[in-house]
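> Take this structure first; my questions come after.
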Amino acid sequence: MLKPAYAAPHPLAGGKVQLTVSARAAIDTYVPIVLAYPAPAPSNQALKEGLLRAIAPYPHLLGRFALDGHGRRVLHLNNEGVLVIEADVPADMADVLAAGGMATDVAGFYPTVPEESVGPALLQVKLSRYRCGGLLLGVICHPHIADGHAASTFYGAWATAVREGKGFTVPSPFIDRAATAVPGSTPKPVFDHRSIEFKGGEGSATSQPHAVLPMDKIRNVKVHFPAEFIAELRSRVGARCSTFQCLLAHVWKKVTAARGLSPEEFTQVRVAVNCRGRANPPVPMDFFGNMVLWAFPRLQVRDVLGLSYGGVVGAIRDAAARVDEEYIQSYVDFGGVADANGEELAATSTFGTMLCPDIEVDSWLGFRFHQLDFGTGPPSAFLPPGLPVEGLMVFVPSRTVKGSVDLFMALAEDHVAAFKKICYSLD
C-alpha cells in the first residue's frame, strides 16, 4: 500500500465526510481504464514516486468508504493509501495487444474490482511490465470519489509529477465539498428526483423497466469514425455543434434502427452533465469530487429515425440545457431532505442490464492524451474494459488519426450485425 508521509497532518486527516449529493446518483462500482506505453516506458519507481507527490493534495483518494450511525456511506479520510500492484509479463506488449484483447478481455490488465466498496482502496493501480520494456498502466477508481473530469485532472497531475521530477509541486485542487451543495434555508425540491436519479419513486426516468441480459449475450463493438466522416456529420446538422453532439445523434439513430423498435416506442439517452459551471454560485472547475448529473433526451422512435440530424442534436441540447441552476438546486435540496430524514438513496444506474430501447453515453472526448505523458511520450493506446451494460457506449479520441473518434459500445448479440451494416450510413 502506497501512502505519502505528510510533514504535518493534512487539515482533513482522520475526519469523515459525506459523499457529494451528485455522487449518490453514480453507479456503485469502480471504473477501470488501461493505457499502453511502448518502450522505453517510465520505470515503476518513477511512477510510484510521482504518484506519492501527486496524491498528497488529494486526501479523498487516500481514504476509505465507511458507514455512519444510520448505515449510510461516508468517506473516512484515514490516509490508508493507494494499492499498487506490480507484475512482470514474459511477453512482448505488442503481441499481447495484437491477440485481440483490445475491447473485451482486459480484466487482467487492471486490479480486480472489489465486490464490496466499503473497505478497499478507492484508487488502485496495476503496473504490468513487459519483456520488451513496454508498460500497461491499469487504474480503477470509484466514481463516488471522483467523476470523469476530476479523475482525468488527477491523472494529468500524476503524469506531470513524474515528468517534472522531485522539484515539481502539485497544485492543490478545490476540495471544499460543503461549498458544492448548500440546501436552501427551507429545502424545496422542485423536480421528482426520486424517480429520475434514484430508485423508489412512483414515476420513472426510463422508457420502460430494463430487462436483465446474460453477459454472454452482450457483445462489445468498436467503430472508428474518421475526421472526414465527423466533418460530414457536422455539415448535416446545419448549425454549430460539438463532435460529441453530432456523433451521439448519429449513433442514436443507427442503434435505434438496428434494434428494429416499434415507431411508437420511446427511446432516451442518459447523458452525463458536468454541473460545476452550471451551479449558482459556480463551483471551481478544479473541484475534486463528483459533480455530475444526468440529462435524458427522449424521443419516439419515429422521430429519432425521421428527424434531421439537426433535429436530434436539438433534442440532445434541450435536455442538457434543462440541467440548469434551478434543477441543480432542486437536486441539492432533495439531498438535504433525504439527509435530514436519515435516508439512504439507491441510484437508478445499475449494470448487468439491457437498456434497450435506451442508451447511455460516456465521453472522454474532452480529455487530451498528451496530458498523460509520464516523460517518455503519451500512451499509444487506450484499452476500454468490457462494457457490462447493453446499450452503454463510450466515445474516445482516436490515438491513430488526429480528429478521429473511436466508439466502444455494448449491444445485444442479435443487434450487432445490423448495427455494423449501417453505422457509416448517412441516409
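> Checking the condition more than 28 Å from LEU12 (Cβ to Cβ), touching a Cys at 6+ places or on another chain (Cβ under 8 Å) and not assigned by TED's automatic domain parsing to the domain that holds LEU411, which residue from ALA87, ALA98, ALA107, ALA94 passes?
That would be ALA94, the only listed residue that is more than 28 Å from LEU12 (Cβ to Cβ), touching a Cys at 6+ places or on another chain (Cβ under 8 Å) and not assigned by TED's automatic domain parsing to the domain that holds LEU411.
> Another question about this same structure. Could you look through the range 1-12, keep only residues that are surrounded by fewer than 18 Cβ atoms within 10 Å (Cβ to Cβ), touching a helix residue (DSSP H, G or I) at 6+ places or on another chain (Cβ under 7 Å) and part of a loop (DSSP other than H, G, I, E, B), and pick out the one that is modelled with the highest pLDDT?
Residue satisfying both the conditions and the ranking: LYS3.
> Among the residues of the range 26-42 satisfying the criterion of being in contact with a strand residue (DSSP E or B) (Cβ under 9 Å, 6 or more places away or on another chain) and over 20 Å from TRP364 (Cβ atoms), which is surrounded by the fewest Cβ atoms within 10 Å (Cβ to Cβ)?
ALA39
For every residue, the table says whether it meets (1) in the same structural domain as LEU392 (by TED's automatic domain parsing); (2) closer than 22 Å to MET409 by Cα; (3) out of contact with any Asp or Glu (no Cβ under 8 Å at 6 or more places or on another chain).
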site	(1), (2), (3)
LYS253	yes, yes, yes
ARG298	yes, yes, yes
ARG302	yes, no, no
GLY335	yes, no, yes
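> Taking ALA181 as the residue in question, decide whether it is of a type in the set (A, V, I, L, M), modelled with pLDDT under 85 and crowded, with 18+ Cβ neighbours inside 10 Å.
yes
> I'd like to know if the range 377-385 contains one or more residues that are within 24 Å of VAL255 (Cα to Cα), assigned to a strand (DSSP E or B) and without any contact (Cβ under 8 Å) to a residue 60 or more places away in the chain.
no
> In the range 321-349, which residue that is among the polar types (S, T, N, Q) and within 30 Å of MET215 (Cα to Cα) is modelled with the highest pLDDT?
Restricting to residues being among the polar types (S, T, N, Q) and within 30 Å of MET215 (Cα to Cα), the top hit is THR348.
> Tell me, please, whether a residue that is assigned to a loop (DSSP other than H, G, I, E, B), among the acidic types (Asp, Glu) and under 30 Å from ALA279 (Cβ atoms) can be found in the range 139-155.
Checking the range 139-155: at least one residue is assigned to a loop (DSSP other than H, G, I, E, B), among the acidic types (Asp, Glu) and under 30 Å from ALA279 (Cβ atoms).
> Considering the range 238-260 alone, what residues qualify as being out of contact with any His (no Cβ under 9 Å at 6 or more places or on another chain), among the aliphatic types (A, V, I, L, M) and modelled with pLDDT of 95 or more?
Selection gives LEU247, LEU248, ALA249, VAL251, ALA257.
> Checking the condition at pLDDT 90 or above, buried (at least 18 other Cβ atoms within 10 Å of the Cβ) and under 23 Å from LEU365 (Cα atoms), which residue from VAL139, VAL84, VAL106, VAL162 passes?
VAL139
> Being assigned by TED's automatic domain parsing to the domain that holds ARG298, modelled with pLDDT of 85 or more and part of a loop (DSSP other than H, G, I, E, B) is true for just one of GLY403, GLY352. Which residue is that?
The match here is GLY403.
> OK, next. From the list VAL389, VAL401, VAL394, which residue is among the β-branched types (Val, Ile, Thr) and more than 21 Å from PHE109 (Cα to Cα)?
Within the list VAL389, VAL401, VAL394, the selection yields VAL401.
> Let me ask you something else. Before we move on, is GLN124 under 23 Å from VAL283 (Cβ atoms) and buried (at least 16 other Cβ atoms within 10 Å of the Cβ)?
Taking the combined requirement at face value, the residue does not satisfy it.
> Anything in the range 220-241 that is under 21 Å from PHE419 (Cα atoms) and β-branched (Val, Ile, Thr)? List them, or say none.
Of everything in the range 220-241, those that are under 21 Å from PHE419 (Cα atoms) and β-branched (Val, Ile, Thr) turn out to be VAL221, VAL223, ILE230.
The values are calculated or read from the model by the stated rules, or taken from the named source; none is laboratory data. All of these numbers come straight from a predicted model, not from anything done at the bench. Cβ coordinates were reconstructed from backbone atoms using ideal geometry, including for glycine residues, and neighbour counts include every protein chain displayed.
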